Each structure stands twice: as C-alpha cells, then as structure tokens.
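Only one structure is covered here, and it is reproduced in the block below.
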Amino acid sequence: MLIHSASQVLTLSGGPQRGTELGRLGILTAGALLLRHGLIAAVGPSAELLAAYPDEERLDAGGRVVMPGFVDPHTHLIWAGDRAAEFEMRLEGKSYLEILAAGGGILSTVRHTRAATVEMLLAETRPRLRQMLRHGTTTAEAKTGYGLETASELRMLEGLLRLDEEGPLEIAITFLGAHAIAPEYKGDPDGYTAHLCAEMLPAVRRWWDAHAPQRPLPFVDVFCETGAFSLEQSRRILVAAKALGFPLKIHADEFDNLGGASLAAELGAVSADHLVKTSAADIAALAQGQTVAVGLPCTPFGLAEREYTPAGAILEAGGLLALASDLNPGTAWCGNMQFVIALACRTMRLTPAQAIAAATINAAAAIGRADQVGSLEVGKQADLLILNVPDYRHLGYQFGMNLVDTVIKKGNVLNV
Ligand code: NIG
Ligand code: FE
C-alpha cells in the first residue's frame, strides 16, 4: 500500500534523541510511504513514489499529518474494578499515600483483581485497549502488580500475554510484584521483599520459560517510594531480578526522592519513571547512563498536584526523555497519548516537537524496542497514524479531543 499526499510525514528518523537534541521530527513535506508485509518499504516525496509504484493500492492522506503510532511505555492497563470513591475522597482532602496506608489505593484494586478470573480481567481490559488504539497508541508497556501473590501475579501475566497475542495493539510486559506491600505482609516490608526475591521472581522466571519461551523476558519493576519499597529493598529486588536475567525498570520519585533513579542508572535499568521529586544528582546519574527518564504528566494531573517532571533539567543534563500515560485506576485513568502530549507541553514546558519525539522514538527506547517501532524508516514496522490536522503543532495545541483519523498497525488499516 502507498500512503501519499501527506502535508507532513514525521519520520522521527535517526534513533532515540538525547538531551537538547529532542524534537528532531525529520519532517518530509508532501511525503509518502510504501508499506509491504507489515513493514515500511520506502519513504519519500509523494510525486516520486506515486510515479515509481503506479499499480500499488493507494491511501490518500489528503494534506494531513502522517506520523508513527504512539508508544506508551508505562501503563497498568490490566485490573478489575474502579476507585471512583477514592477520587472523591482525595478531592475532600485525603492523600494518595494515606489512602494506601489505610488499606485502600493499590490494595483496593488488588482485592478486586485477586477475585477476578483471567476472562473477567480480559473483559474489563479490552475496552481500554480499544480506547488506546483509537487515540493512536499502537504499542504499550503493561504491568502486573495488582496480584501481589504468585498465583494472582501469574494470572495477570497470562492475561497480558493473551492480550498481546490477540492484538493488534502490541504489549511489552512487566512484572510489578513489588507494587505495594502484599496485605499478608502488612507491617513487614522486609518479609515481602525476601519473599519476592526468594519465591516470586524465580516462579515468574519458571512460568515464563514454560509459557513464553520464545519471547524475551518481561521487565521487572519496583515502586521505590515511601510507603512502598525503600531504596535498599528496591535494590535487593532489582539485583535479584537482574541475576535471573530480567531487564529492569523502576517507579522513582513520584512523591519522595529516595534515590531510585540513581539506582536504576547503576543497575542499567531500561527506564526510570515518574521522576517528579528527582534530585540534581539523580538527574546527572540518569543522563550519564542509558536509562530512559519517563515523565508521566497524567499522574500529578490526576492527583491534582502542582509539581511535574523537570524536563528542562533532564534535557540540559543530556538525558533521554520519554512520555507515558501511566494508565491505572488510582492516579491516572487515561490512555490517551495526545492528552499526555498536551499536558507535557504545558506542565513540563516541552514544545510539540519535543513531546512528539518523547512519545514515539524515545518511548520505544524506554521499552527496548527503538529498532522496531517509534519512527517511520525503511525496515521498521508499519505502525502509523493519519491525523486530522495539517501541521504537527496541532498535537498539544488542540486537546481533549481525538485528532487521530486512521490507525495502521503492521500495515493493516484498523477499524477502531
Ligand atoms: O504509577 N505509583 C504506583 N503505581 C501507579 C498507581 C497505581 C494505582 O494507584 O493503582 C502509578 O501512579
Ligand atoms: Fe505506574
């Protein structure tokens, strides 16, 4: 298929964009793309490609923007139930960590998720995936973490594998058994940490080898935070995971600066996410390594907080910055990367071009897939969007509405 007559093709070519390089969109005006076998076979001026492939099936982009599908590198998209009542409690003055300490928050979703069968989990999750696709996300990371015991965590892994197999949205899977202290270990975070290291991580490794031997291992993530896992407990978990061969991620500095970002850099984690309270030393440590800094502006927004990821400092230091939704039932029930971009422009002071690069090629780097998705280059997956706008700056400028007209995944035009 030949997609032609785009006002702008945002190629995002040239790999992940570090520091103040962020925002190189690689714009081809009056551009076209040839798609073959689910991959991009050619990128070039419309006039040239139309002449070179006269018999190819055509899709007229009609003077609109064509860009890579969004990559959302941090979601908790599979869960059961909701926390609408907690939203109201927070508006009335209770804090997120107070609600968690009282057995609500993540632990409330854990109760619902433990009680759900895989089929029930899938039935609740599929509509969310459809919403994400409609809004242009073609690849997403997704975490477990609402089981907090081996059987329920494995059920979440099974659900995520099935959703990925069903497609068309591709899912990069993460084990987040260290999302909160399991209720069985209330008051004993060291006990749960030891259980994670000695029992749960090896069980996940065995389960994965038995059920998905052909796939790369999932990421292992930890919520390094006051009220969840201390820096020292996070280190124990991540070191144990690394020894079992798992690639790493971390939730760091959402509410308090515990040093999780430096730990991520030291252990070579693929990403460190949230980074609201991150210190200058942590930012420098990230910038010196390969760990991608992931900003999640929906989270402070969802919690009605004022502080956001210091994108300017991260870019000045030479860090790799990506954006994600954090889609989850507690802090940010939003899987719309267009809204993430709009928020990032206003709260993190990114330009639309910077935010777009952070939500595509750099987001792909944050899940270790920058060689497959996140840009429109020959040989990469044909995952792309036609937007209903003539210029890329409308992303971020317009907000709260869906600017995506057409979603193409692996060369197939989706009916979403
Ligand atoms: O990234 N901070 C920890 N995890 C999620 C929230 C999950 C929940 O509240 O259910 C986050 O914000
Ligand atoms: Fe999260």
Scan segment 163-193 residue by residue and report those that are touching a Lys or Arg at 6+ places or on another chain (Cβ under 8 Å) and farther than 22 Å from Val118 by Cβ. Thr193
Within segment 344-383, tally of residues that are surrounded by fewer than 24 Cβ atoms within 10 Å (Cβ to Cβ) and within 17 Å of Gly396 (Cα to Cα): 8
What do you reckon, is Thr174 assigned by TED's automatic domain parsing to the domain that holds Thr109, open to solvent by less than 10 Å² (accessible area, probe 1.4 Å), in a helix (DSSP H, G or I) and in contact with a strand residue (DSSP E or B) (Cβ under 8 Å, 6 or more places away or on another chain)? no
Of everything in segment 236-284, what is open to solvent by 20 Å² or more (accessible area, probe 1.4 Å), more than 16 Å from ligand 2 (Cβ to nearest atom) and within 27 Å of Thr347 (Cβ to Cβ)? Give them in sequence order. Asn257, Ser262, Ala265, Ser279, Ala280, Ala281, Ala284
Can you find even one residue in segment 139-146 that is charged (D, E, K, R) and either more than 16 Å from ligand 2 (Cβ to nearest atom) or modelled with pLDDT under 95 (or both)? no
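Looking at Ser108, Ser5, Ser13, Ser95, can you tell me which residue is more than 24 Å from Ala357 (Cα to Cα) and open to solvent by 30 Å² or more (accessible area, probe 1.4 Å)? Give the steps one after another, and end with the answer.
Details: Ser108 fails: open to solvent by 30 Å² or more (accessible area, probe 1.4 Å); Ser5 fails: more than 24 Å from Ala357 (Cα to Cα); Ser13 fails: more than 24 Å from Ala357 (Cα to Cα).
Unique residue meeting the criteria: Ser95.
State whether one or more residues within segment 329-339 are in a loop (DSSP other than H, G, I, E, B) and among the aromatic types (Phe, Trp, Tyr). Show your work before the answer.
Applying the first criterion (in a loop (DSSP other than H, G, I, E, B)) to segment 329-339 yields 329-331, 333-336.
Retained after the next criterion (residues that are among the aromatic types (Phe, Trp, Tyr)): 333.
Yes, segment 329-339 contains a residue that is in a loop (DSSP other than H, G, I, E, B) and among the aromatic types (Phe, Trp, Tyr).
Residues checked against (1) in contact (Cβ under 8 Å) with a residue 60 or more places away in the chain; (2) closer than 15 Å to Val65 by Cβ:
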{"position": "Pro300", "(1), (2)": "no, no"}
{"position": "Glu307", "(1), (2)": "no, no"}
{"position": "Gly319", "(1), (2)": "yes, no"}
{"position": "Asn336", "(1), (2)": "yes, no"}
{"position": "Met348", "(1), (2)": "no, no"}
{"position": "Pro390", "(1), (2)": "yes, yes"}
{"position": "Gln398", "(1), (2)": "no, yes"}
{"position": "Asn412", "(1), (2)": "yes, no"}
Filtered residues of segment 107-144 (kept if outside any strand (DSSP E or B), within 13 Å of ligand 1 (Cβ to nearest atom), out of contact with any helix residue (DSSP H, G or I) (no Cβ under 6 Å at 6 or more places or on another chain) and within 19 Å of Thr174 (Cβ to Cβ)): Thr109, Val110, Thr113
Phe339 fails exactly one of (1) more than 30 Å from Gly81 (Cβ to Cβ); (2) surrounded by fewer than 24 Cβ atoms within 10 Å (Cβ to Cβ), namely (1)
Looking only at segment 204-213, decide whether some residue is modelled with pLDDT of 95 or more, in contact with an Asp or Glu (Cβ under 6 Å, 6 or more places away or on another chain), assigned to a helix (DSSP H, G or I) and open to solvent by less than 20 Å² (accessible area, probe 1.4 Å). no
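Results for (1) in the same structural domain as Arg134 (by TED's automatic domain parsing); (2) surrounded by 15 or more Cβ atoms within 10 Å (Cβ to Cβ), shown as yes or no for each residue.
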| position | (1), (2) |
| --- | --- |
| Val43 | no, yes |
| Glu48 | no, no |
| Gly81 | yes, yes |
| Arg90 | yes, yes |
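The values are calculated or read from the model by the stated rules, or taken from the named source; none is laboratory data. Everything numeric in this text was worked out from a predicted model, so none of it was measured. Methodologically, a virtual Cβ is constructed for each residue, glycine included, from the backbone with ideal geometry; neighbour enumeration extends over all protein chains shown. Accessible surface areas use protein heavy atoms only, side chains included; no ligands, DNA or RNA. Shrake-Rupley method; radii C 1.70, N 1.55, O 1.52, S 1.80 Å.
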